[in-house]
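Below: the structure, in structure tokens.
The values are calculated or read from the model by the stated rules, or taken from the named source; none is laboratory data. Treat the numbers as computed from the prediction; the structure is a model and nothing was measured. Here Cβ is always computed from backbone atoms with ideal geometry, including for glycine, and neighbour counts include all displayed protein chains. Accessible surface is based on the protein model in full, side chains and every heavy atom, while ligands, DNA and RNA are left aside. Shrake-Rupley method; radii C 1.70, N 1.55, O 1.52, S 1.80 Å.
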Amino acid sequence: MNFIEHYNFKNKKVLIRVDFNVPLNSDFQITDDSRITAALPTIRKVLQDGGSAILMSHLGRPKEGPADKFSLRHLMDHLSTLLNLKVRFAEDCIGDQASKLAQELNPGDVLLLENLRFYKEEEKGDRNFAEKLAKLGDFYVNDAFGTAHRAHASTAIIADFFKGHKCFGYIMAKEIENADKVMKSPQRPFTAIVGGAKVSDKILIIENLLQVADHIIIGGGMTYTFIKAMGGKIGNSLFEEERVQLTREILSRAKEKGVQIHLPTDSVAADKFANDARTANTSSDDIEEGYMGLDIGEKAIEDFRKVILESKTILWNGPMGVFEMSSFENGTKQIALALAEATRSGSFTLIGGGDSAAAISKFNLTGDVSYVSTGGGALLEYFEGKELPGIKAIND
Ligand code: AMP
């Protein structure tokens, strides 16, 4: 892997694409700085080698050019505190001021550029814009896994201007290494747990997992399209009519390939989509009209737990039920606990995608699994088997 550890940055001006897309409150205070702290090892490595760092990132989704609300200036003080130095700021990510500030950098200095997405050229992957950014530095490091699935100017196109002078930062390297541990060289048995709301969102992942997994556990709202495709009664549960055929194909392909698909035998059914709904534990294929399955049931938890504890590699994406409501969180919580238990017994457990990461954090189990990925969409595309532009650009 083209990894930051293999380079020395003495006297180099290093352009680092970071993901500083942090949440801010109405006073522009950072409410969760984990994306910034995650990038510190890469920044510190450059500085400790005797180089200077030019940081570039997006923040939020500015629609029409510059807007104070999306300014990276709001991150300056906190970043300066974390790095224990005075970070400089370029009010425009390209142009004369940015060039001058970049030229003036001495070893150990850090320059933060204004929001890249103030230019629509960033998301368009504009080559001229990428070239202007590239001129600011003499080495390129990509450490923004969260945007690695986008062919934006700063995440992919820019790498063309740094042949032989580009690499992955620590976050990127760790994400790739862990995702590969699951998808390319899993210790077997390998179980993938796929949950969440809809079949349509996860179909490509499930199809790709059929090539590598030994077991696929299915939970969450998508369960019911599978159950109905098999002839079950699902009441008012989430259902995607247009995916019925596809779910049948998945089931038959799994059979051909010897992949075991596990669906929840029972469900917690509710008479409305609300925490105070009347609930009943029912067989997942016999849900009454007027009721909808909002969590997996006790028997399903037991079945899934058994498969999980017998696995050596486990990937989890998507909750088992509507875990945001306490009445329907138990399935997701028990699966998270089973993953923690499997990790303690030496299995490799990777949690990826926004909602499963949020769930594991809700149950305070983030530190009890092997790895929680930071990249929602990027990780999902990786699991779908796609080549991510941000990764390809460094490898080319
Ligand atoms: P996703 O983003 O596809 O991983 O879906 C996550 C969302 O699916 C969460 O907000 C859950 O509340 C929701 N969800 C999980 N299980 C169900 C279910 N049985 N019925 C409806 N929504 C569900």
Flag if Gly297 is surrounded by 19 or more Cβ atoms within 10 Å (Cβ to Cβ), within 27 Å of the chain's Cα centre (by Cα), in contact (Cβ under 8 Å) with a residue 24 or more places away in the chain and under 28 Å from Glu207 (Cβ atoms): no
Among the residues listed as Gly219, Gly196, the single one being within 16 Å of His262 (Cα to Cα), at pLDDT 95 or above and within 20 Å of the chain's Cα centre (by Cα): Gly219
Of all residues making up the range 105-147, the number that are in a helix (DSSP H, G or I) and more than 17 Å from Ala39 (Cα to Cα): 16
Filter result (within 15 Å of the ligand (Cβ to nearest atom) and without any contact (Cβ under 8 Å) to a residue 24 or more places away in the chain) within the range 204-254: Lys228, Phe239
Some residue of the range 255-276 being touching a residue at least 12 places away in the same chain (Cβ under 8 Å), exposed (fewer than 15 other Cβ atoms within 10 Å of the Cβ), assigned to a helix (DSSP H, G or I) and not β-branched (Val, Ile, Thr): yes
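Quick check on my filter: what residues within the range 176-203 are within 17 Å of Tyr371 (Cβ to Cβ) and within 14 Å of the ligand (Cβ to nearest atom)? Even if it seems obvious, please write down each step before you answer.
Of all residues in the range 176-203, those within 17 Å of Tyr371 (Cβ to Cβ) come to 176-187, 190-193.
Across the range 176-203, the qualifying residues are Ala192, Ile193.
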The range 30-53 - residue that is open to solvent by 30 Å² or more (accessible area, probe 1.4 Å) and among the polar types (S, T, N, Q) and, of those, farthest from Gln103 (Cα to Cα): Thr31
Test: residue in the range 186-201 that is more than 17 Å from Ala300 (Cβ to Cβ) and open to solvent by less than 10 Å² (accessible area, probe 1.4 Å): yes
Odd one out for Arg61 among (1) over 12 Å from Glu114 (Cα atoms); (2) touching a helix residue (DSSP H, G or I) at 6+ places or on another chain (Cβ under 9 Å); (3) open to solvent by less than 20 Å² (accessible area, probe 1.4 Å): (3)
Test: residue in the range 245-254 that is surrounded by 18 or more Cβ atoms within 10 Å (Cβ to Cβ) and within 14 Å of Gly219 (Cα to Cα): yes
Test: residue in the range 118-130 that is within 28 Å of Leu388 (Cβ to Cβ), crowded, with 24+ Cβ neighbours inside 10 Å and not acidic (Asp, Glu): no
